[in-house]
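Working notes for the structure below.
The values are calculated or read from the model by the stated rules, or taken from the named source; none is laboratory data. Keep in mind the model is a prediction, meaning the values are calculated, not measured. Positions of Cβ are generated from backbone atoms using ideal geometry, with glycine treated the same way; all protein chains shown enter the neighbour counts.
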Amino acid sequence: MDEPHEPSDESYSWIRAAHFHTRIMTKLPYKKRDLGVKQLEIAISLYREGKDPFSVVTLAGAAEEILGRCVKAAGKANSLQLLNDAALAIQRIEGDEVPVSVVDRANYARNSLKHMDGPEDSVFIDAWQEAKDMLTRATENYRLLDECYSPLIEHFLQQVRN
(Lines give C-alpha, C1' and ligand atoms only; values in the text may rest on other atoms or scores of the structure.)
Protein backbone atom coordinates (compact mmCIF):
# COMPACT_ATOMS: atom_id res chain seq x y z
CA MET A 1 0.00 0.00 0.00
CA ASP A 2 1.26 3.44 -0.87
CA GLU A 3 2.28 5.63 1.98
CA PRO A 4 0.51 8.98 2.29
CA HIS A 5 2.52 11.88 0.97
CA GLU A 6 2.27 15.61 0.96
CA PRO A 7 0.83 17.08 -2.24
CA SER A 8 3.32 19.00 -4.32
CA ASP A 9 3.16 22.78 -4.68
CA GLU A 10 1.77 22.16 -8.15
CA SER A 11 -1.10 20.10 -6.69
CA TYR A 12 -1.89 22.85 -4.18
CA SER A 13 -2.05 25.41 -6.99
CA TRP A 14 -4.51 23.30 -8.91
CA ILE A 15 -6.63 22.66 -5.81
CA ARG A 16 -6.70 26.38 -4.96
CA ALA A 17 -7.64 27.25 -8.54
CA ALA A 18 -10.44 24.66 -8.57
CA HIS A 19 -11.74 25.98 -5.25
CA PHE A 20 -11.70 29.57 -6.51
CA HIS A 21 -13.77 28.68 -9.57
CA THR A 22 -16.37 26.64 -7.65
CA ARG A 23 -16.92 28.78 -4.59
CA ILE A 24 -20.02 30.90 -4.35
CA MET A 25 -19.14 34.55 -4.33
CA THR A 26 -21.39 37.01 -2.60
CA LYS A 27 -22.01 39.89 -4.93
CA LEU A 28 -23.31 43.01 -3.27
CA PRO A 29 -24.54 46.23 -4.88
CA TYR A 30 -22.37 49.30 -4.46
CA LYS A 31 -23.42 52.75 -5.57
CA LYS A 32 -20.72 54.27 -7.73
CA ARG A 33 -21.26 57.64 -6.11
CA ASP A 34 -20.53 56.12 -2.69
CA LEU A 35 -17.42 54.42 -4.07
CA GLY A 36 -16.26 57.73 -5.53
CA VAL A 37 -16.73 59.46 -2.17
CA LYS A 38 -14.80 56.69 -0.39
CA GLN A 39 -11.95 56.95 -2.92
CA LEU A 40 -11.89 60.71 -2.40
CA GLU A 41 -11.75 60.37 1.38
CA ILE A 42 -8.89 57.87 1.19
CA ALA A 43 -7.04 60.11 -1.27
CA ILE A 44 -7.47 63.07 1.10
CA SER A 45 -6.20 60.99 4.02
CA LEU A 46 -3.09 59.95 2.09
CA TYR A 47 -2.51 63.57 1.03
CA ARG A 48 -2.88 64.91 4.58
CA GLU A 49 -0.45 62.28 5.86
CA GLY A 50 2.08 63.21 3.17
CA LYS A 51 2.00 59.70 1.70
CA ASP A 52 2.31 58.57 -1.90
CA PRO A 53 1.15 61.39 -4.20
CA PHE A 54 0.86 58.89 -7.07
CA SER A 55 -1.86 56.93 -5.27
CA VAL A 56 -3.53 60.22 -4.36
CA VAL A 57 -3.66 61.20 -8.04
CA THR A 58 -5.02 57.79 -9.04
CA LEU A 59 -7.66 57.57 -6.29
CA ALA A 60 -8.70 61.21 -6.55
CA GLY A 61 -8.77 60.85 -10.35
CA ALA A 62 -11.14 57.89 -10.11
CA ALA A 63 -13.32 59.83 -7.66
CA GLU A 64 -13.23 62.93 -9.87
CA GLU A 65 -14.41 60.93 -12.86
CA ILE A 66 -17.20 59.08 -11.04
CA LEU A 67 -18.47 62.14 -9.18
CA GLY A 68 -18.09 64.26 -12.32
CA ARG A 69 -20.36 61.89 -14.22
CA CYS A 70 -22.86 62.07 -11.36
CA VAL A 71 -22.78 65.87 -11.60
CA LYS A 72 -23.40 65.70 -15.36
CA ALA A 73 -26.25 63.22 -14.80
CA ALA A 74 -27.79 65.82 -12.46
CA GLY A 75 -27.73 68.31 -15.34
CA LYS A 76 -24.84 70.44 -14.08
CA ALA A 77 -21.37 71.24 -15.39
CA ASN A 78 -18.67 69.26 -13.56
CA SER A 79 -15.32 70.59 -12.36
CA LEU A 80 -13.43 69.59 -15.51
CA GLN A 81 -15.99 71.25 -17.75
CA LEU A 82 -15.92 74.41 -15.61
CA LEU A 83 -12.11 74.45 -15.72
CA ASN A 84 -12.06 73.99 -19.48
CA ASP A 85 -14.76 76.63 -20.05
CA ALA A 86 -12.78 79.14 -17.97
CA ALA A 87 -9.53 78.36 -19.83
CA LEU A 88 -11.25 78.74 -23.20
CA ALA A 89 -12.81 82.07 -22.12
CA ILE A 90 -9.41 83.40 -21.01
CA GLN A 91 -7.86 82.35 -24.31
CA ARG A 92 -10.61 84.17 -26.23
CA ILE A 93 -10.13 87.32 -24.12
CA GLU A 94 -6.40 87.17 -24.85
CA GLY A 95 -7.20 87.06 -28.57
CA ASP A 96 -6.38 83.44 -29.37
CA GLU A 97 -8.02 82.65 -32.70
CA VAL A 98 -8.37 78.96 -31.92
CA PRO A 99 -8.73 78.33 -28.19
CA VAL A 100 -7.29 75.00 -27.05
CA SER A 101 -9.05 72.63 -24.65
CA VAL A 102 -7.19 71.97 -21.40
CA VAL A 103 -8.86 68.60 -20.75
CA ASP A 104 -5.89 66.51 -21.93
CA ARG A 105 -3.48 68.57 -19.84
CA ALA A 106 -5.75 68.43 -16.80
CA ASN A 107 -5.95 64.62 -17.05
CA TYR A 108 -2.32 64.03 -18.09
CA ALA A 109 -0.98 62.93 -14.70
CA ARG A 110 -3.91 60.65 -13.90
CA ASN A 111 -3.85 59.00 -17.32
CA SER A 112 -0.06 58.71 -17.38
CA LEU A 113 -0.08 56.92 -14.03
CA LYS A 114 -2.72 54.40 -15.02
CA HIS A 115 -1.80 53.63 -18.63
CA MET A 116 1.29 52.45 -20.47
CA ASP A 117 0.40 54.00 -23.81
CA GLY A 118 3.82 54.00 -25.35
CA PRO A 119 7.40 52.92 -24.92
CA GLU A 120 8.21 55.77 -22.52
CA ASP A 121 9.10 54.38 -19.11
CA SER A 122 8.95 57.65 -17.13
CA VAL A 123 6.35 60.23 -16.21
CA PHE A 124 7.48 63.82 -15.70
CA ILE A 125 5.11 65.56 -13.30
CA ASP A 126 5.07 67.61 -10.11
CA ALA A 127 3.45 64.76 -8.18
CA TRP A 128 2.28 66.74 -5.14
CA GLN A 129 0.86 69.58 -7.25
CA GLU A 130 -0.96 67.09 -9.47
CA ALA A 131 -2.33 65.37 -6.36
CA LYS A 132 -3.59 68.70 -5.02
CA ASP A 133 -5.12 69.63 -8.39
CA MET A 134 -6.92 66.31 -8.77
CA LEU A 135 -8.18 66.46 -5.18
CA THR A 136 -9.47 69.96 -5.83
CA ARG A 137 -11.41 68.83 -8.91
CA ALA A 138 -12.83 65.75 -7.17
CA THR A 139 -13.81 67.81 -4.14
CA GLU A 140 -15.51 70.36 -6.36
CA ASN A 141 -17.57 67.60 -7.98
CA TYR A 142 -18.54 66.33 -4.53
CA ARG A 143 -19.58 69.84 -3.53
CA LEU A 144 -21.63 70.22 -6.70
CA LEU A 145 -23.49 67.03 -5.79
CA ASP A 146 -24.03 67.44 -2.06
CA GLU A 147 -23.71 71.17 -1.49
CA CYS A 148 -22.14 70.37 1.87
CA TYR A 149 -18.84 68.88 2.94
CA SER A 150 -17.84 65.93 5.04
CA PRO A 151 -15.51 66.92 7.90
CA LEU A 152 -12.62 65.27 6.05
CA ILE A 153 -13.30 67.23 2.87
CA GLU A 154 -13.79 70.47 4.82
CA HIS A 155 -10.42 69.99 6.52
CA PHE A 156 -8.80 69.40 3.13
CA LEU A 157 -10.28 72.60 1.75
CA GLN A 158 -8.93 74.54 4.73
CA GLN A 159 -5.46 73.07 4.05
CA VAL A 160 -5.64 74.08 0.40
CA ARG A 161 -6.72 77.63 1.22
CA ASN A 162 -3.78 78.16 3.61
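Considering the range 23-44, the residues that are of a type outside the set (A, V, I, L, M, F, W, C) and not in a helix (DSSP H, G or I) include one that is farthest from residue 139 (Cα to Cα), namely 23.
With the requirement that a residue be out of contact with any Gly (no Cβ under 8 Å at 6 or more places or on another chain) and either among the aliphatic types (A, V, I, L, M) or surrounded by 13 or more Cβ atoms within 10 Å (Cβ to Cβ) (or both), what does the range 123-136 give you? The answer is 123, 125, 127, 128, 130, 131, 132, 133, 135, 136.
Residues are listed down the side, and each one gets a yes or a no for (1) at pLDDT 90 or above; (2) farther than 23 Å from residue 159 by Cα:
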| position | (1), (2) |
| --- | --- |
| 50 | yes, no |
| 68 | yes, no |
| 89 | yes, yes |
| 102 | no, yes |
| 106 | no, no |
| 110 | no, no |
| 126 | yes, no |
| 133 | yes, no |
| 138 | yes, no |
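Counting only helices (runs of 4 or more DSSP H) that sit completely within the range 45-122, those holding 1 or more residues that are surrounded by fewer than 16 Cβ atoms within 10 Å (Cβ to Cβ), of a type in the set (S, T, N, Q) and within 13 Å of the chain's Cα centre (by Cα) correspond to 53-73, 103-114. Inspection of the range 148-157 finds a residue satisfying the criterion of being part of a helix (DSSP H, G or I), free of Cβ contacts under 8 Å to residues at least 40 places away in the same chain and closer than 18 Å to residue 50 by Cβ.
Among the residues here, residue 110 qualifies as in contact with a helix residue (DSSP H, G or I) (Cβ under 8 Å, 6 or more places away or on another chain) and charged (D, E, K, R).
Against the condition in contact with a Leu (Cβ under 9 Å, 6 or more places away or on another chain) and in contact (Cβ under 8 Å) with a residue 24 or more places away in the chain, how does residue 67 come out, does it pass?
Yes, satisfied.
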